[in-house]
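One structure coming up, written as structure tokens, with questions to follow.
The values are calculated or read from the model by the stated rules, or taken from the named source; none is laboratory data. Since this is a predicted model, take the numbers as computed values, not measurements. Neighbour counts run over all protein chains shown; Cβ positions are idealised from the backbone, glycine included. In case anyone asks, the SASA skips ligands and DNA or RNA and just uses the protein heavy atoms, side chains included. Shrake-Rupley method; radii C 1.70, N 1.55, O 1.52, S 1.80 Å.
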There are 2 protein chains.
Amino acid sequence: MKQAIIIRNDLKMGRGKIAAQASHASLSAYEKTPLATKNKWKIEGQKKIVLKTNTEKELIDLLKTAQMKNIKCAMIKDAGHTQVEPGTITALGIGPDEDRKIDEIVGNLKLL
Amino acid sequence: MKQAIIIRNDLKMGRGKIAAQASHASLSAYEKTPLATKNKWKIEGQKKIVLKTNTEKELIDLLKTAQMKNIKCAMIKDAGHTQVEPGTITALGIGPDEDRKIDEIVGNLKLL
């Protein structure tokens, strides 16, 4: 089991900003996930991988793919107080779900 | 309402590693928090601040202070597969709780 957190690398956010957006994405996707899946993931050590994309379009395509596979997701839009314009999509949380299912969606992305 | 996420800056972790540790700390502290506090924080937009310390001791002192004030916390130890030694304390999540209470604990820390 694992959760994928994907960050927009093209926005050139600082590492503190990235950490906050990743935490939003992780928590929000987790909250949508069915209880049995949540618990299985936690027992296994709540593995998370943090990946990157370079476009908003790529992030939206990943969301659509995950949704088609019935995996819970959370797309994060920033309030834009700092560093990015208000409403900017900054990150996507996918899962947790089975490793195989997550890999099918994000397997060709690079680690942040 | 806000949650504080504090990262060990002296470990020189990469930004993907930091994002993963921050997400662990955020989710784990959130899970320990009473439901009414969780919900109030989410309604207000689940504000998170990401801060830094330069020593393990400082992180442990922050944990003790928060616990004395009865704020839920999660200290994160890394499994150490990459970048740091197994069992290294990497991050601390505090809250969410009221802004004033969180500021009393972390108010003199710098943003990551």
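Residues are listed down the side, and each one gets a yes or a no for (1) under 22 Å from B:I49 (Cα atoms); (2) within 13 Å of the chain's Cα centre (by Cα); (3) touching a residue at least 60 places away in the same chain (Cβ under 8 Å):
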| residue | (1), (2), (3) |
| --- | --- |
| A:I5 | yes, yes, yes |
| A:L11 | yes, no, yes |
| A:A20 | yes, yes, no |
| A:S26 | yes, yes, yes |
| A:K38 | no, no, no |
| A:K57 | no, no, no |
| A:L62 | no, yes, no |
| A:E85 | yes, no, no |
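Residues to consider are B:A4, B:A29, B:A25; find the one that is closer than 19 Å to A:Q3 by Cβ and in contact with a Lys or Arg (Cβ under 9 Å, 6 or more places away or on another chain).
Of B:A4, B:A29, B:A25, the one residue that is closer than 19 Å to A:Q3 by Cβ and in contact with a Lys or Arg (Cβ under 9 Å, 6 or more places away or on another chain) is B:A29.
Among A:T53, A:T82, A:T33, A:T90, which is the only one that is at pLDDT below 95 and among the hydroxyl-bearing types (S, T, Y)? Don't jump to the end; show me each part of the working.
Numbers: A:T53 fails: at pLDDT below 95; A:T33 fails: at pLDDT below 95; A:T90 fails: at pLDDT below 95.
None of the other options fit; the residue is A:T82.
May I ask you to verify whether B:I94 is farther than 30 Å from A:L109 by Cα, free of Cβ contacts under 8 Å to residues at least 40 places away in the same chain, more than 10 Å from chain A (Cβ to nearest Cβ) and open to solvent by less than 10 Å² (accessible area, probe 1.4 Å)?
no
May I pose another question? Would you be able to tell me the number of residues in region B:59-73 that are open to solvent by less than 70 Å² (accessible area, probe 1.4 Å) and either within 11 Å of chain A (Cβ to nearest Cβ) or in a helix (DSSP H, G or I) (or both)? Can you show your working first?
Restricting attention to region B:59-73, the residues satisfying the condition of being open to solvent by less than 70 Å² (accessible area, probe 1.4 Å) are B:59-63, B:65-66, B:71, B:73.
When the remaining residues are screened for being either within 11 Å of chain A (Cβ to nearest Cβ) or in a helix (DSSP H, G or I) (or both), the result is B:59-63, B:65-66.
Residues flagged as open to solvent by less than 70 Å² (accessible area, probe 1.4 Å) and either within 11 Å of chain A (Cβ to nearest Cβ) or in a helix (DSSP H, G or I) (or both) within region B:59-73 amount to 7.
Kindly check whether there is at least one residue in region B:96-107 that is among the acidic types (D, E) and in a strand (DSSP E or B).
Taking region B:96-107 as the starting set, the residues that turn out to be among the acidic types (D, E) are B:97-99, B:103-104.
Within this subset, residues satisfying the condition of being in a strand (DSSP E or B) are B:97.
Yes, region B:96-107 has at least one match.
For region A:29-45, what are the residues that are within 8 Å of another protein chain (Cβ to nearest Cβ) and either of a type in the set (V, I, T) or open to solvent by less than 30 Å² (accessible area, probe 1.4 Å) (or both)? Break it down into steps so the answer makes sense when it comes.
From region A:29-45, those within 8 Å of another protein chain (Cβ to nearest Cβ) are A:30, A:45; that's our starting set.
Answer for region A:29-45, where residues must be within 8 Å of another protein chain (Cβ to nearest Cβ) and either of a type in the set (V, I, T) or open to solvent by less than 30 Å² (accessible area, probe 1.4 Å) (or both): just A:Y30.
Tell me yes or no: at least one residue of region A:12-19 is more than 9 Å from every other protein chain (Cβ to nearest Cβ), surrounded by fewer than 16 Cβ atoms within 10 Å (Cβ to Cβ) and over 22 Å from B:I5 (Cα atoms).
No, there is no match, as no residue in region A:12-19 is more than 9 Å from every other protein chain (Cβ to nearest Cβ), surrounded by fewer than 16 Cβ atoms within 10 Å (Cβ to Cβ) and over 22 Å from B:I5 (Cα atoms).
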